[in-house]
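Read the structure below first, then the notes.
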Amino acid sequence: MVRNSSKNGFVLVMVIMAIALVGMITYVLTDGAKTMIFQSDSAYLEACGRNLAASGVAWARQTGKERPAAIDDKPITLDVGRLNIREGSLSVLISGSQGQSHVQVSLSASRANRTTTRQSTYLLD
């Protein structure tokens, strides 16, 4: 009888060790997944920022060519719904001085709990 009892104790210790090992592996893999999600969100926000800035500059160039009188130092908020950027906003301010036109692009994009905002100035040709 004593022999059977020690076998059951050994099996119990092995089961506990296996459960602990699975728990540690799950923790390590979950931490790696969180890092990948963070990097994915960062790349998404960077791409959204580049797309919004390029769209704002393109709109300003087209508007400046069509209507040079559009330079009135008032910011214009553009609709970014077609760009499929959730919680995104884009504001463009065209200003001119000494024969040169400048465009100031203010943008914002969000994903999950992170938000990127950027304000840049570009010279229009």
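Quick notes on this structure:
- Here the sum of -39500 (n - 2.57) over DSSP H runs of 4 or more residues, divided by the residues of the chain, equals -19500 deg cm²/dmol at 222 nm, to the nearest 500.
- On the basis of the beta-carbon distance and an R0 of 41 Å, ALA47 and ASN8 show a calculated FRET efficiency of 0.10.
- Residues of the range 43-58 falling in the label zone of ALA112, defined by backbone nitrogen less than 18 Å from a point 7 Å along Cα to beta-carbon, are 43-49.
- Rg and Dmax [Cα atoms of the range 2-124; Å; Rg one decimal, Dmax integer]: 27.8, 99
- Taking a sphere under 11 Å around the Cβ of VAL92 and counting the other residues whose Cβ falls inside, with K and R at +1 and D and E at -1, yields a net charge of +2.
- Mean Cβ neighbour count within 10 Å, used as a protection proxy, ranking 80-91, 33-44, 9-20, 104-115 highest first: 104-115, 80-91, 33-44, 9-20
- Based on Cα contacts under 8 Å between residues 6+ apart, the chain shows a relative contact order of 20 percent.
- Counting only alpha carbon atoms, the long axis of helix 2-66 and the longest principal axis of the chain meet at about 0°.
Read-outs: derived from the displayed coordinates by stated rules, not from any lab. Keep in mind the model is a prediction, meaning the values are calculated, not measured. FYI the Cβ positions are ideal-geometry reconstructions off the backbone, even for glycines, and counts take in every protein chain you see.
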